[in-house]
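Below you'll find the structure, written out as structure tokens, and then a few comments.
Nothing in this text is a laboratory measurement; each read-out follows from the coordinates by a stated rule. Remember, predicted model here, so these are calculated numbers, not experimental data. Methodologically, a virtual Cβ is constructed for each residue, glycine included, from the backbone with ideal geometry; neighbour enumeration extends over all protein chains shown.
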Amino acid sequence: MCPLCGWDVLVSYLICGTLHSVDQYLNIKLTDISVTDPEKYPHMLSVKNCFIRGSVVRYVQLPADEVDTQLLQDAARKEALQQKQ
Amino acid sequence: MNYMPGTASLIDDIDKKHLVLLRDGRTLIGFLRSIDQFANLVFHQTVERIHVGKKFGDIPRGIFIVRGENVVLLGEIDVDKLCDNVLQQVSIEEILEEQRLQQQAKQKTEKAKVTALKDRGLSIPKADNLDEY
């Protein structure tokens, strides 16, 4: 399964939740969601789990301490070199 | 039971009461009956819920087919987590009136913004899509 599952993510500065699953279109399924501004979006009060269509997601914020940026940078650099060849 | 492990499948959400947020800002609530790979949805006993401030109103709409590209978010409604203490349900006429007033106020502020910018010699091109999200 995807290595990010179980992490707490924030989608488009609006919805926070635990990442349940992701698919090839980057559709996101979140559990135990909370809305950052419940006054502006009152409809989400009775919703605990949700499915977000990948095409509408602008940003996904991941927990900073779970991501090894050094490793990520090296891997991306290697892939870029491979692509060039 | 997951038919396709590792995917964000909606197959487990079938026949459950759901809330769907559409790109034009509408909220539909109903029983999810059918899905496909584009997130096209078929809703049964659909109700369009209009929210204005702390009030809301429900308009019964019957059976709805929603084209996947218009879907922003689909959430399962938890009957235990019902929110009658915060929100107040009102009649259809009242909520439509409130919505009309809200639209008017929004248009007024938009107009004021555009004239203020015009006075300063700037202009924001009007977006040609009617998306709320």
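Quick one: if you stick a label point 7 Å off each Cα along the C-beta vector at B:Val79 and B:Arg67, how many nm between them?
The answer from the label model is 3.5 nm.
Hey, with R₀ at 41 Å, roughly what FRET efficiency would B:Tyr133 and A:Ala76 work out to, going by the Cβ-Cβ distance, to 0.05?
The pair B:Tyr133/A:Ala76 has a calculated efficiency of 0.85.
Enumerate the lysines that B:Lys108 could reach by cross-link, defined here as Cα to Cα under 17 Å, with residues fewer than 8 away along the same chain left out.
Cross-link targets: B:Lys118, B:Lys126.
Rounded to the nearest 500, what is the 222 nm mean residue ellipticity of chain B from helices alone, with -39500 (n - 2.57) per DSSP H run of 4+ residues and division by all residues?
Roughly -7500 deg cm²/dmol at 222 nm, from the helical runs in chain B.
With the cut-off at 1.5 for a/c, could you classify the protein assembly as shown from its C-alpha gyration tensor as rounded, prolate or oblate?
Oblate, since a/c reaches 1.5 and b/c is not below a/b.
Specify, per residue and in Å³, the volume enclosed by the convex hull of the alpha carbon atoms belonging to chain A.
Convex hull of Cα atoms, per residue: 117 Å³.
Extent of chain B along each principal axis, from alpha carbon coordinates, in Å, largest to smallest?
Over chain B, Cα extents along the principal axes are 61, 35, 24 Å.
Which distance in Å, rounded to a whole number, links the C-alpha centroids of the stretch A:1-62 and the stretch B:86-133?
The two parts, judged by their Cα centres, are 27 Å apart.
Once you put a point 7 Å from the Cα of B:Gln45 and another 7 Å from the Cα of B:Gln104, both along the Cβ direction, what distance in nm separates them?
About 3.7 nm separates the two model spin labels.
Work out Dmax and Rg for the stretch B:10-74 from the C-alpha atoms and quote the Rg first, both in angstrom.
Answer for the stretch B:10-74, Rg first and Dmax second: 11.4, 36 Å.
Which lysines does B:Lys54 reach when only Cα atoms under 18 Å apart count, and residues fewer than 8 places away in its own chain are ignored?
Straight-line reach from B:Lys54, under 18 Å: A:Lys40, B:Lys81, B:Lys106.
Percent antiparallel among DSSP beta bridges with both residues in the protein assembly as shown, to the nearest 5?
Values: 47 of 49 bridges.
The antiparallel fraction comes to roughly 95 percent.
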